[in-house]
Amino acid sequence: MSFEEFRRGASGRTGEPPAGLPPPLLALWHEARGDWALAHACVQSDPGSAGAWVHAYLHRREGDASNAAYWYQRANRPAATGPLAAEWAEIARALLA
């Protein structure tokens, strides 16, 4: 799936996510549709660095900088400071590559 296909689908208000999305991408899908709690649940128990990166993004979006910092460290990534939409796109592109 291309980034553009993923972005278009995630920005819609109807339809189901594509089958077989890994938890971090599923979380981004749900977050883009306004369901932060479901997005968080998707990555809550994901032990990988991709899950930690999305987890950090979610807590940054929530406004919890200290929790986000913890998850950026777990993901071995610098804390993001740019626009949230740009970070969402960066994560999605990286995970779809």
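The values are calculated or read from the model by the stated rules, or taken from the named source; none is laboratory data. Please read all numbers here as calculations on a predicted model, not as lab measurements. Note that we place each Cβ from the backbone using ideal geometry, even for glycine, and neighbour counts take in every protein chain shown.
Tabulated values for the structure
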read-out	value
Odd one out for ALA80, checked against (1) under 19 Å from PHE6 (Cβ atoms); (2) part of a loop (DSSP other than H, G, I, E, B); (3) of a type in the set (A, V, I, L, M, F, W, C)	(1)
Subset of segment 13-27 [touching a residue at least 12 places away in the same chain (Cβ under 8 Å) and either among the aromatic types (Phe, Trp, Tyr) or closer than 21 Å to PRO47 by Cα (or both)]	PRO22, PRO23, PRO24, LEU25, LEU26, ALA27
Given (1) at pLDDT below 95; (2) over 19 Å from TYR70 (Cβ atoms); (3) in contact with a helix residue (DSSP H, G or I) (Cβ under 8 Å, 6 or more places away or on another chain); (4) not β-branched (Val, Ile, Thr), number of the condition ASP46 does not satisfy	(2)
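Here's the yes/no breakdown for (1) exposed (fewer than 14 other Cβ atoms within 10 Å of the Cβ); (2) in contact with a Phe, Trp or Tyr (Cβ under 9 Å, 6 or more places away or on another chain):
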site: SER2; (1), (2): yes, no
site: ARG13; (1), (2): yes, no
site: LEU26; (1), (2): no, no
site: ALA32; (1), (2): no, yes
site: GLN44; (1), (2): yes, no
site: PRO47; (1), (2): yes, no
site: GLU62; (1), (2): yes, yes
site: SER66; (1), (2): yes, no
site: GLY82; (1), (2): yes, no
